[in-house]
Every structure is written in C-alpha cells, then in structure tokens.
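As structure tokens, the structure follows; a few thoughts come after it.
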Amino acid sequence: MEVKSIVDSLKPDAVIFDEVLKPTQEYNLASTLKVEIIDRERLILNIFERRASTAESRIQVKLAQLRYEMARAREKVRLAKKGEQPGFYGLGRYEVDDYYRDVKRRISTLKSKLESVAKRRALYRRQRSREGLVTISLAGYTSAGKTTLFNTLTSEQHEAGRGMFTTLSTYTRAISIDGSKYLLSDTVGFISKLPAYMIEAFRSTLEELTFSDLVILVIDASESIENMKKKYESSMSILNKLQVPESKIIYAFNKIDLLSNEDEVYAKARYLGLDSSLRDDTSTDRMARYVAISAKTGRNIEMLLGMIRRFAGEGYSKAVGVREDGAERINEGTDTVTEYDEDEVMNILRLDQDEDSSA
C-alpha cells in the first residue's frame, strides 16, 4: 500500500484526507496506518476551534463538533467496541443510547445559548431599522482579505493574516462616507463544500448577511481564474442558502497590488459573468457592480466607497458614535441605538441639525 509506505517512511503525527470519510473508512485507515486520521470536516472543525476567540464563536464551534459526532455516533460506538485505534475517537464503555442522549443534551444546551444570542441580534436589528441606519456586511471566501478591508474602512486593527478563518465572529463598526454614517460588519469566511450543519451552527453569525442592506463580496483577484471561479461559486451558493438576493451584492476584487496589470480583473469579471448578468437594463455602465481594489495599499478604496453610496443609498447623516465611557454625554430622552460585540459597546445618537455641530 503506497500510503502506508509513505507513512512508515515519514512517520507523521497524522494523515489528512481532503474528503469526508465514513467512520468505517476512518477506523480501517487508523488500523492500517497506526496514526491519527483526519478528514476534511474534522480538519475544518479543528481550525475553527483554534481560531474561536469569543464566547459566541466557541459555542458555535462546539455545536458544529457535536453535530459532526452525532451523525457518526452509531457506527463509531459499534467500531469502538472492536478495540480503540490511534486517531479514532475512543468512546470508552458508552452504549449507543447513552452516547446519543449525552450528545443531544449538550446540543440542546448550546442551541439555547445561541438562540439567546440570535434574539439579541434581532433586537439590535430592529433598533437599527427604526433609526434608519444602513447596514453593510463584508462576505467572501476565507483569506480573500475581508478583515484587511474592514480594518482599512474602519481604521481599526483586527487580526488579519494569510491563515484560514482569521475571523469567526461578527464585528460591527460605524464608518463615514461623505458625512453619512453606515454600519459595517466583518463576517466569517466561506469555504467550499461547507456542510449544512456547519452553516446552521454559525447561523447566528452568518444571518447578519441576510439582514444587511448591502453585501460586499470580497474576491481574491490574485488567484488563478479557475480557483477564483470555484471560490466565487462556493460563496454565491452560501449566500443563496442564506437568502441574500443578488440585487443586494456588490463585488470587490481585492489584492490587485499582486497583479502585474489591473486589466486582468476585468477579464476575470467577464469570466465570472458579472458584466452581463448584473447589467442594469437602464444603464450603460457594464461594470457598475464590481470594483478592483487593494485593501492593503488603499488603492481604489474611494471607488468602493462611491459604489457603497450608490447601492446602499444615503447613510444616516445625523449619527455619531461614542464609546460607552462617554455615555454621560447622552442627554435624557436622546434617541439612541446601541451596537455590541465581545469587547465594545457603541451608542449611535440621533441629533438635531443645530446640535450636530456641537457634538
């Protein structure tokens, strides 16, 4: 067996398969190779677990892990009785019914916690809607540069890097475009063949896309046209599952600083069908819904801001953000809406025209 020869020679700690393995396959491979076996879904969950940095993201990851185990539990309990193998989750003396009950109980507890989070998010959305605040979300395949773009637009410094799933939580901040205020959210990155149970586990985070007034799909323009198409189609598939209409999506082709010729973007956009499929019948602008940018260098960011104004409409020009430690400045009866994340509370104040200059 060629794989066994390679394993015997290299002596790795684990062997990773870019496919979803059945429990029987995992068990047999572990028995033969005598090393830890990791399939595609478990690898994704392991990365999620290491990247989760907030209470909500940790709950979501644990829920996804339990659902992964639940779908495989019966066969794994049966196989575990044959003798534990390296790299195979040992289940001890669990009986099938006991294991099912334990996992279902833990899933129920985690779902209740996420439902509470979802209710709070729904409350904040209603408050934003009453205030007339325009909301924008960044979406895209993992490592497309969403967080770098978020940092550029908000002048913040959230962790951004080449690693997968740097962002597993939703961060929301106020940005100003020509004096108008918008709320911008950074969301979890997509990946191809993401199973339904993972999408469901992260729904409380991903649904920010569903309810946004505008979604900016960030695309890595430096990749080969074939890889770009695969990732674009995966991203659009997930947005479709989240019921985000194409009419609410604009496209930012990022990382043009890595291209020798910016015109490559236009050819790639045509290859993705963006020129024709998104052309407004009343418009002669064939590139109205996409722009080539570099979030790293700031190139063409002003063009992106103009596109946001065009498709998201006028922002809320009578809004100003203050930190919670400035709450004493809020006069009694002032109309406010509050944005939360794990480490910050931001109040958005509605001010009369004559108050705006003195705030």
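Would you mind counting up the charge near G140? Only other residues with Cβ under 11 Å from its Cβ, with Lys and Arg at +1 and Asp and Glu at -1. Local net charge: 0. Put simply, the amide H of Y290, placed in the peptide plane, has neighbours under 5 Å in Y251, leaving out anything fewer than 5 places away on its chain. Dimensions of the range 132-312 along the principal axes, based on C-alpha atoms and rounded to the nearest Å, stand at 40, 40, 33, largest first.
Using the average count of surrounding beta-carbon atoms within 10 Å as a protection proxy, the listed peptides 99-109, 128-138, 205-215, 143-153 rank, highest first, as 143-153, 205-215, 128-138, 99-109.
Each value in this text was obtained by applying a stated rule to the coordinates, not by laboratory testing. As the structure is a computational prediction, the values presented were derived from the model and not from experiment. As a convention, Cβ positions derive from the backbone with ideal geometry for all residues, glycine included, and neighbour counts pool all protein chains shown.
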